[in-house]
Structure formats: structure tokens, C-alpha cells
1. If the requirement is being closer than 25 Å to MET78 by Cβ, part of a strand (DSSP E or B) and touching a residue at least 60 places away in the same chain (Cβ under 8 Å), which of these qualifies: ILE219, ILE268?
2. Got a sec? Which of GLU117, GLU159 is surrounded by 18 or more Cβ atoms within 10 Å (Cβ to Cβ) and of a type outside the set (Val, Ile, Thr)?
3. Residues that are among the hydrophobic types (A, V, I, L, M, F, W, C), in the same structural domain as LYS227 (by TED's automatic domain parsing) and under 25 Å from ARG215 (Cα atoms): does the stretch 137-155 have at least one?
4. Scan the stretch 166-176 for residues that are surrounded by 19 or more Cβ atoms within 10 Å (Cβ to Cβ) and part of a helix (DSSP H, G or I) and jot them down.
5. Somewhere in the stretch 265-277, is a residue in contact with a Cys (Cβ under 6 Å, 6 or more places away or on another chain), modelled with pLDDT of 95 or more and basic (Lys, Arg)?
6. Might you check whether a residue that is charged (D, E, K, R) and within 21 Å of THR225 (Cβ to Cβ) occurs anywhere in the stretch 180-188?
Amino acid sequence: MSTQSTKLSRSFVNKFLYRAVLLTVICPALAAAEAAAQPSAATPDQAASDAENRGKVIAIEADRRDSGYIDSESTIKMTLRDKKGRERVRTLRIKAMERPDDGDWSMTIFDEPADVEGTALLTYSHGLEPDDQWLYLPALKRVKRISSKNKSGPFMGSEFAFEDLSSFELEKYKFRYLRNETCGDDSCTVSEWVPVYDHSGYSRTEVWHDTNHYRTRRIDFFDRTGKPLKVLTLDNFKLHNERFWRAHHWLMVNHLTGKSTIIETEKIALGVGLDERDFDKNSLKSAR
């Protein structure tokens, strides 16, 4: 095993141990509180604490189950639909790589149509620190850094904001369990995620995880005033590498504009052997 592989392996072990310790501490405390207290006897503060702990446990477990894929490459079909039903189709590729001691890295590259070919977005996700994002626009032949103040804006005319394209790092949110809901044939927990990082376009989100695999099934986004903004639903899940569930169909609907964006995964491979050179901002101009 190479020195780099050993370093990565140890980092992943540390990451898993960190999550395991959190689960070990939080889960028994939450279970004891639920077993010992009658609903009528719980004070408002106790109920709030239990809801926060349960929301955190759900988020940690969902993150744990999705950690360890190392890296991935996928081919995507993106359909932009306006409120009259008119469509524009784009094809793109996404590369992603886990960073055990920080947020994930990703590179999004547009292949079609011709007017967006070669456009590329590089994202370095972080915990509480602002994410780093750079956008290469072939028409201008320059790399543009995306300001953290502008990450609530739409990405390439879609209903996804720049901040939606960053990985969901646990350090970025406060959590609170809200309720259980039916989601298709499954049962889902619904938890509130409140961003604690600066310049988010959202006051909060409600994240739905199914109870059997902790897959994200739906996210409700609320604007800065607390009003419903858009809803993301995920389905057509497929199991990859005998462990990792991936949604092959994403639908983002904007309540305010009536527009929607559909993302369909045509190909995906995990553990493909990417390295840091595949995510160098100097390679944005030649990303193919």
C-alpha cells in the first residue's frame, strides 16, 4: 500500500471513529430520555433537546452510510423546464472525491449543447469555513471565483443554486427532528436543518430520510423569510458497489417561478482512482 493510500485509509478511519463516537454518546442518551419520560412529563426544554439530539443522530447516520465511496464519476442529463413546459436539455459530467479531513471536492463539466460546452465548476466544500468555488466560462476564456455572498444564485439557469452543489457537511447545520411521514412505500423521518454558515439563501430546510437505508428522499427549501421556496425529490435509487445508494432521478421544483430542473444519472462509477490533480483550479480551462 502506498504512503498516500495509507494516509487516506487512516484519515477515513479517523472520520468513521469521530462519527461512531458521536453516535455512541448521543444514541444511548436519547434512548434513555425517551424510555424514562412520559410525553406529558417532559418539559419544553427537554422535548426540544430530545428533538435536536434525534435530528443530529439521523444526520450523522445518513452521513456515515454515505462515507467511504472515495471518489466517483457520473454522466448526467439535465433538463430545464419553464412554467409553460418548454424544455432545454444539457449533458454534463460530475467528478467527486472525498476529503476525509474536510468537505468533498467536485468538478462539474458541461458537454452539450455547444453554447455551454466546456463550462466547468470546481467546488471545494468545507465545514464552517466558506466553500471555495470557481466557474470557467469558455466564452470569456477566464476562471471566475464565486463569492460566498452570491452562492444563493442559480447555477447555469437551473433551479439549483451554487450552494446546492456543495457537499452537505454536518458542521454547517443545526438539526431538529420534526416528525415521521410516509414517503412512497416507505416511512421517512423529517428533520429541520438550519444553516449556520454565512450568506445562505435559505433560512432552513426540511430533509426527509427513509428509515430503512437513511437515503435522502426529499428536501424542502425555505427562503430567508421562512416561506416555502422549492422542493427537491429524489427517486430511482440504485445500489452501487454493494453499499452506496444513489438516486438516479432528481426533480427540483421552484414554487415561486413554476420552473423545474430534472437531473437523470445515465452512468456512474465509484472508486475510479481520481486524485487531487483532477480537481486543480488551473485545469478548469482544459476540463474535458
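The values are calculated or read from the model by the stated rules, or taken from the named source; none is laboratory data. On a predicted model such as this, the values are computed, not experimentally measured, just so you know. Cβ sites come from the backbone with ideal geometry, for glycine too, and all protein chains shown count toward neighbours.
1. Details: ILE219 fails: touching a residue at least 60 places away in the same chain (Cβ under 8 Å).
Answer to the selection: ILE268.
2. GLU159
3. In the first step, residues of the stretch 137-155 are kept if they are among the hydrophobic types (A, V, I, L, M, F, W, C); the result is 137, 139-140, 143, 146, 155.
Checking which are in the same structural domain as LYS227 (by TED's automatic domain parsing) leaves us with 137, 139-140, 143, 146, 155.
So of that shortlist, the ones also under 25 Å from ARG215 (Cα atoms) come out as 155.
Yes, because at least one residue in the stretch 137-155 is among the hydrophobic types (A, V, I, L, M, F, W, C), in the same structural domain as LYS227 (by TED's automatic domain parsing) and under 25 Å from ARG215 (Cα atoms).
4. LYS172
5. Within the stretch 265-277, none of the residues are in contact with a Cys (Cβ under 6 Å, 6 or more places away or on another chain), modelled with pLDDT of 95 or more and basic (Lys, Arg).
6. No, that holds for no residue.
For every residue, the table says whether it meets (1) among the hydroxyl-bearing types (Ser, Thr, Tyr); (2) crowded, with 19+ Cβ neighbours inside 10 Å; (3) not assigned by TED's automatic domain parsing to the domain that holds ALA96.
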{"residue": "ASN212", "(1), (2), (3)": "no, no, no"}
{"residue": "ARG215", "(1), (2), (3)": "no, yes, no"}
{"residue": "LYS230", "(1), (2), (3)": "no, yes, no"}
{"residue": "GLU242", "(1), (2), (3)": "no, no, no"}
{"residue": "TRP245", "(1), (2), (3)": "no, no, no"}
{"residue": "THR261", "(1), (2), (3)": "yes, yes, no"}
{"residue": "THR265", "(1), (2), (3)": "yes, no, no"}
{"residue": "ALA269", "(1), (2), (3)": "no, no, no"}
{"residue": "ASP278", "(1), (2), (3)": "no, no, no"}
